[in-house]
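Enquirer: One structure coming up, written as structure tokens, with questions to follow.
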Amino acid sequence: MKIHFFEEVDSTNNVIKKMAEEGADDCTAVVAEVQTAGRGRMGREWNSPKSSGIWMSFLLRPDVRPESASMLTIVTAMAARSAIFKVTGAEAMIKWPNDLVLNGRKVCGILTEMKAQIGCVDYVVVGIGINVNTAEFPKELQDTATSLYLELGCEFERRQIIEEFDRAFAGYYEQFLKTEDLSLLKDEYNGYLANMNNRVKILDADGGYTGISTGINDAGELLVRNEEGKLCTVRSGEVSVRGIYGYV
Ligand code: BTN
């Protein structure tokens, strides 16, 4: 990736989107020291204090169908997990579809945005936030968020994690592009899935249900066996999934 470093931005996703509109190349990336308006999924804010985490977005122009592009979020989660493991030794688990958790708290989040025409992807922006050296979180996040520093007790070089991420992403992305789905990656992904074979609560527009999580399929959908024994397919975006005892 060709990485551009910024001191302060509103959101690295916004910066890279603007660069995409101006014709930036595939695999251009932006990293900022601080974000003043970091965004999370479902319209939430993303806490992005100065110099303590990795606030990074990159641009992809894959020649795939729009339905496949959302799977890039899973590809990214795998690469982030690998980078964290290589640099820190910590074995983060993946909370479907793309949160990385350590000891039950979130250490990394991913926000994927796409511009597409009917049947073809114009571009995809993937934003990734990793809480690396954050020493303290705002009160309202303390139960659900953590950092590598808080879990492992020492600080890490953000640059090293970015380099490992870049390397890991290239490998997983190549696999993804071969099939335009997750068939070559899903077994590995399922091995990292928090709550694999455990009871989960699916919270959807109709209230929700509980069932046993049995991992993702080739499309990155979560397969959940409900109380009647029927296998349900859960698509991201529409729902959130919780363990029955809390956030993970
Ligand atoms: C989530 O879990 O809700 C997704 C969080 C994504 C945060 C990253 S930080 C870099 C990029 N810029 C943003 O504004 N958001 C993403």
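Enquirer: Output the qualifying pairs, or none if there are none: Cβ atoms under 7 angstrom, residues six or more apart or on different chains, first residue in the stretch 187-209 and farther than 16 Å from Ser240 by Cα, second residue part of a loop (DSSP other than H, G, I, E, B) and modelled with pLDDT of 90 or more.
Expert: Every condition considered, the pairs that remain are Tyr189/Leu182; Asn190/Met196.
Enquirer: Are any of the residues in the stretch 44-65 within 16 Å of the chain's Cα centre (by Cα), assigned to a loop (DSSP other than H, G, I, E, B), surrounded by fewer than 21 Cβ atoms within 10 Å (Cβ to Cβ) and among the charged types (D, E, K, R)?
Expert: Looking through the stretch 44-65, at least one residue is within 16 Å of the chain's Cα centre (by Cα), assigned to a loop (DSSP other than H, G, I, E, B), surrounded by fewer than 21 Cβ atoms within 10 Å (Cβ to Cβ) and among the charged types (D, E, K, R).
Enquirer: Can you name the number of the only condition in (1) over 30 Å from Pro138 (Cα atoms); (2) acidic (Asp, Glu); (3) modelled with pLDDT of 95 or more that Glu67 fails?
Expert: Evaluating Glu67 over (1) over 30 Å from Pro138 (Cα atoms); (2) acidic (Asp, Glu); (3) modelled with pLDDT of 95 or more leaves (3) as the failure.
Enquirer: Given the residues Tyr172, Tyr123, which is the only one that is part of a strand (DSSP E or B) and away from the ligand (no atom under 11 Å from the Cβ)? Let's see the steps before the verdict.
Expert: Details: Tyr172 fails: part of a strand (DSSP E or B).
Answer to the selection: Tyr123.
Enquirer: Being more than 14 Å from Val125 (Cβ to Cβ) and either out of contact with any Ser or Thr (no Cβ under 7 Å at 6 or more places or on another chain) or near the ligand (Cβ under 7 Å from one of its atoms) (or both) is the filter here; which residues of the stretch 47-65 pass it? First the steps, then the outcome.
Expert: Residues of the stretch 47-65 that are more than 14 Å from Val125 (Cβ to Cβ), as a first pass: 47-54, 63-65.
Listed by number, the residues that qualify are Asn47, Ser48, Lys50, Ser51, Ile54, Asp63, Val64, Arg65.
Enquirer: Let me ask something else. Among the residues of the stretch 171-186, which ones are surrounded by fewer than 18 Cβ atoms within 10 Å (Cβ to Cβ), among the hydrophobic types (A, V, I, L, M, F, W, C) and touching a residue at least 24 places away in the same chain (Cβ under 8 Å)?
Expert: Hit for the stretch 171-186 is Leu177, nothing else.
Enquirer: Regarding Ile161, is this residue buried (at least 17 other Cβ atoms within 10 Å of the Cβ) and not in a helix (DSSP H, G or I)?
Expert: Details: buried (at least 17 other Cβ atoms within 10 Å of the Cβ): yes; not in a helix (DSSP H, G or I): no.
Here the answer is no, as Ile161 does not meet what is asked.
Enquirer: Take the stretch 189-232 and flag every residue that is surrounded by fewer than 15 Cβ atoms within 10 Å (Cβ to Cβ), of a type in the set (D, E, K, R) and over 21 Å from Met42 (Cβ atoms).
Expert: Asp218, Glu227, Glu228, Lys230
Enquirer: Let me ask you something else. Pull out all pairs, ordered by first then second residue, where Cβ-Cβ is under 7 Å, the residues are six or more apart or on different chains, the first lies in the stretch 1-20 and is on the phi < 0 side of the Ramachandran plot and modelled with pLDDT of 95 or more, and the second is within 13 Å of the ligand (Cβ to nearest atom) and basic (Lys, Arg).
Expert: Going by the 7 Å Cβ cut-off, the qualifying pairs are Ser11/Arg39; Asn13/Arg39.
Enquirer: Testing Asn13 on (1) in a helix (DSSP H, G or I); (2) more than 9 Å from the ligand (Cβ to nearest atom); (3) within 21 Å of Asp122 (Cα to Cα), one condition comes back false. Which one is that?
Expert: Of (1) in a helix (DSSP H, G or I); (2) more than 9 Å from the ligand (Cβ to nearest atom); (3) within 21 Å of Asp122 (Cα to Cα), only one is false for Asn13: (2).
Enquirer: Given the condition within 10 Å of the ligand (Cβ to nearest atom) and buried (at least 20 other Cβ atoms within 10 Å of the Cβ), answer yes or no: does some residue in the stretch 80-93 qualify? Steps first, please.
Expert: Taking the stretch 80-93 and keeping what is within 10 Å of the ligand (Cβ to nearest atom), we get none.
No, every residue in the stretch 80-93 fails to be within 10 Å of the ligand (Cβ to nearest atom) and buried (at least 20 other Cβ atoms within 10 Å of the Cβ).
The values are calculated or read from the model by the stated rules, or taken from the named source; none is laboratory data. Every value quoted in this text rests on a predicted model; they were computed, and no experiment measured them. Neighbour counts are summed over all protein chains in view; Cβ atoms, including those assigned to glycine, are modelled from backbone coordinates with ideal geometry.
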